[in-house]
Every structure is written in structure tokens, then in C-alpha cells.
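What follows draws every value from the coordinates through simple rules; no lab data is involved. The shown structure was predicted, so the numbers you read here are calculated from the model rather than taken from an experiment. Neighbour counts run over all protein chains shown; Cβ positions are idealised from the backbone, glycine included.
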Amino acid sequence: MSANFEASAVVSGIGMSRVGRRLELDPWLLTTEAALEAISDAGLTTDDIDGISTYPGAVWSTPGITGAGCDDVRSLLGLRTKWHSGGGERPGQLGAVIDAMLAVHAGLATHVLCFRTVWESTAQQYLGGRSAALNKSADGKILPFGRELDQWTAPYGIGYPSHGALRMQRYMAESGATREQFAQLAVVSRANAGLNPQAIHRDPMTVDDYLTSRMISDPLCLFDCDVPVDGSVAVIVSRTGTTDSSRAVSFQAIGSAAGVDESCSMMWSRTDLKPSDIDIAEIYDGFTIYAVEWIEALGLCGNYEAGELLEGGSKISLNGEIPMSTNGGQLSAGRLHGFGSFHEACLQLRGEAEKRQVPNSPQIAAVTSGAESFSSALLLGAPR
Amino acid sequence: MSTNSIVDEGFLRPEPPLTPRTTAFWTSGHDGVLRITRCEDCGQWMHPPRPICRVCQSQSISSTAVAGTGNVFSFTVNRYQWSPTIEPPYVIAEIALDDADVILMTALIECEIDAVSIGMPVEVCFAISGDTFIPLFRPVVP
């Protein structure tokens, strides 16, 4: 297959801020921590950065879901950019990275700072929980400045977890998958988190812990949900050949179609690689059911076979056939919204994941972000 | 359709805003009848409502009466309070209608929360909130 546009760009640097629960830190501080680390990691300086891309940028959303916008970062770091893009209607959170690749490919920028900042854990203390964002007045009326979409959920008291729960319930009925099998995503992620100093929840978890945790929206329990945190991740997308190639992670293929299945189909159509070539999978696990949907869409098993793949947990563990969520995923390392998974994939492909490094030098990582029609899938390659 | 299609739950659900796109849906229950958006040219059912057919792009769109019966496609027992007026736990369900090819995400009421199952037959009823009639579903009593 001839080279796709993906070959035009590489991940030249990565950075992560302090990550934690209720850090009580300014999200702009977190953003600059991650950005400066990524710029330095790429062997660049702020003078070299000529593009910015982020999800979702400085928009008002649920409390703490976004901590900085393009203008904020340009001002904070004194950047002189030629191109920038921030917004929510993207192919998943990692659509911000895909946009950066396009800008580099088009020649509009050479080194694009991509970032994602969340501070939900702290913001929810000041601004209320996610339910506060349903924009209801005291008498229950949906206020006109709320999202138009809220009218389909607010009258029924439908929050985010119930969306996942409805899919999980139906999936379990159709596939025969069990809660014990879903539990392995949480248990294996937690074991990996124990090896990651930056993970949020690091104490060991058992299947029993999962089965006895409180229900949020049956059959979805507490440990099916990721953890809101404060933190920022930045990655530098550079034109291929402009930075140290021995540390540059390559883009093998991207899928940006609307839908989990559609994104994966598109991704596979853009490469000669096959699902069996995936060495590690850092997939979006906002809820465990989303991870299950990605596992099947990526072709890591057949439809309705994810339960078997997860059974016992050994296949998805660090030493298994297809290690997943090697940093603890969002379930245990925190909701860095796809960017945490992307950061981890780069670390693993560079062989820099320390105690949680997957053995035998993984060469290909699948990274996904989002769910339903808000989705993207990326195949990354180890530096050569 | 049972005669007592308007229910008083003892609390007010958040009132959806009425717009040109959605008024027909949110007010349909005034006569106890559920209506779903349908293309008059090709017969396609659509929900949520929209002003143009997603199959044939026709603008001949109508709000068409349906029987209001269906079955549970999926469900969940929500344990967390998302609305100041709706006390958990309560059942949220996706309902596949019998006579229209759509699935409604709605609430299931008048049932034990641990007695819901996929495929369970249900019927529509409505809760009034302001100017709106919010479609809810309840088990069909044999």
C-alpha cells in the first residue's frame, strides 16, 4: 500500500502533568506542565511550536471537563502559532491529534502542541457534579441555554452512566457475557495501575470487589466507571524527519468515521496491518462496555466474543496475548479522556514504561477514543 | 390504550423546551396518543423528530399516531440522582414500539425495579410538566 498522509507526521514528544483527585490546582498550571514536558521531550522549545490543537477547548460544558483553550495556551506559553483548532465536534477526543496530523501534512504547521486538560475532580467541588450541567432551574425546567439534546434525557433522569448501562444490559443479553467477565477489565487495569506511580487507584482489586461494589445504574457498577481526575496530557505532532527519529512514534493508520465499528473499519482500510499485528491495546474505557465495544470493533475477537477474551483476565494482562490499559486505563489511572491512553501507548512503544513495560518490545499499539458516533481509532508504531 | 393515560407521579419532571422541531412530540399526549415522526412519502419512522426524511430527503413529514405499545429493548435501574425532582432508584428503558420502527429512550414506571426484563410488553402513558406531555411506559397489565 502506498504511503498515506499518516506518514507525514510523527509523535515527537509526550508530556503529562501531575494527575490526581482534587489537586486544587489551576488547570492552566496543569496544562503548561504537560505542554512544557512534551516540548522538551521532543527536543524542541516553545519557539518551535507553530500549531495548537485541543479537545474541546475553552467551551462551557460539564464542570471541569475542559481546563484550557487554544488562546489560553498561546498566551500562557507565548507561542506564535500559524494554525490552531479546538472544539468538541470531532472524531473522538483524539480527533485533536488527527487534526494536528492534517495541519502538518498540509504544511500549515511543523510542530503542533496537542493537549487535553481535565479538572473535574476539583471543579465538581466548586461548580457541582455532572448532574449540575443538565441546566435545570429549581422548578425542574430545562433552561434554554442547556444543550438541545438534553431534552431527550433530562425529563427521564438519564445521566451518562445510564447510557452505558443500557448498552451493557443489551450486550449481556445478546452475547451471554457475564459481570465476572466485565470485571476483568477493572481488575487487570487495577493491577497495571499498581505499577504506575501516576495512577489514581493503585490498591489491588479482586473480582469479588467488583461484584460487591455499589450499583450506579444496573448492571453498571462503580468499577465499570472511569474516575474523574485533574490532569493534563500533551503530545507534539511534528512533520516526519524534523525531530529525533529514534524516539518518534509513527502513525500507521487512523480511523475517523462516525461510529466505533466505522472508525475501526476505516483504520484497517488504510493499512496492510491486521488485528493480529496489534501488540498492545490502549482502548477507551469510560465505561467497561465501551471498551468491550472497541475490542470487538478492532477485530481482537469476533462479535459477542469479548467475554471469552476477557475470561480470567490472563489474555489482556501485561504478559498476555493482547495487553490492555497497561497504565491502569481510565478505570484506575483516571479520566484523561483518550489522551492518557495515547500517552501510555507512546511510552510502551518507546520502551519507557518502566515496571509496567510490556515485554518483547511492542511494535504496534491500537489507541481509541470516544464512543458511539464520537469516535476515533489510531494505530501507532514503535520508533525505527 | 388504557383510558387513564395521564399519570400523576406526585412530582414534576423537567419540562422540555417546545420548538418547531419537537412541539408535536412533546405535546402529542394531550389526547392520550403517542405520535412519532414519519415520512409520508417513503414511510420511514424517525425519532427524535426531524424536519426531513433521512432516507428520501422528503419534507413531507408528519407526526403519526401509533398504538403506544411495545416491548423493552434494554433497561437499567438508575441509582443516582440526576434531576432535583426525580428520586432514585428508577427504571430507564429503551422501548421498541410495536408498530413503528424506532426505539424510545424513556422511563418505565408502575413496576417493581427488579421485575423488569428485556422483551417485557409495555404501553405508553404521559406525565404532564408545564405545557408538555412526557411519554413514559408501564407494564401491560394482562
Under the rule of at least 5 residues apart or a separate chain, name every residue whose amide H is placed under 5 Å from the amide H of residue B:129. B:134
Could you please rank B:11, B:73, A:223, B:126, placing first whichever residue has the fewest other Cβ atoms within 10 Å of its Cβ? B:11, B:73, B:126, A:223
In whole angstrom, note down how far apart the Cα centers of the stretch A:167-242 and the stretch A:1-33 are. 21
Averaged over B:81-93, how many beta carbons belonging to a partner chain fall within 10 Å of each residue's beta carbon? 6
Cut-off is 10 Å between beta-carbons; in what order do B:136, A:195 appear when sorted fewest neighbours first? A:195, B:136
Within the protein assembly as shown, helix-based [θ] at 222 nm, where runs of 4 or more DSSP H residues each add -39,500 (n - 2.57), nearest 500: -7000 deg cm²/dmol
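Using only the Cα atoms, what convex hull volume per residue in Å³ does the stretch A:172-295 have? Each step should come with its number before you reach the end.
Values: hull volume 21.2 nm³, N = 124.
So the per-residue hull volume is 171 Å³.
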Give the order of A:315, A:82, A:274 when sorted by the count of other beta carbons within 10 angstrom, beginning with the fewest. A:274, A:82, A:315
Based on alpha-carbon positions alone, could you give the equivalent ellipsoid semi-axes of the stretch A:200-269 from the gyration tensor, as √(5λ), descending, whole Å? 36, 20, 12
Between residue A:221 and residues 5 or more places away or on another chain, which pairs have amide H atoms under 5 Å apart, with H built 1.01 Å from N, and which residues are they? A:216
Residue-ordered couplings for the stretch A:327-338, obtained by feeding phi - 60° into the Karplus form 6.51 cos²θ - 1.76 cosθ + 1.60 and rounding to whole Hz (Gly and Pro as x), are 9, x, x, 6, 5, 10, 9, x, 7, 8, 6, x
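With the Cα gyration tensor of the stretch A:292-384 in hand, give its eigenvalues times 5 under a square root as the equivalent ellipsoid semi-axes, listed largest first in whole angstrom.
Working: eigenvalues 79, 55, 34 Å².
Gyration-tensor ellipsoid for the stretch A:292-384: 20, 17, 13 Å.
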State the antiparallel share, in %, of DSSP beta bridges confined to chain A, rounding to the nearest 5. 75
Within the stretch A:255-314, DSSP-loop chymotrypsin sites (Phe, Trp or Tyr not before Pro) with at most 15 other C-beta atoms within 10 Å are A:304
For the protein assembly as shown, what mean projected area does the convex hull of the alpha carbons give, in nm²? 24.3
Distance from the stretch A:44-90 to the stretch B:49-80 (C-alpha centre basis), Å: 39
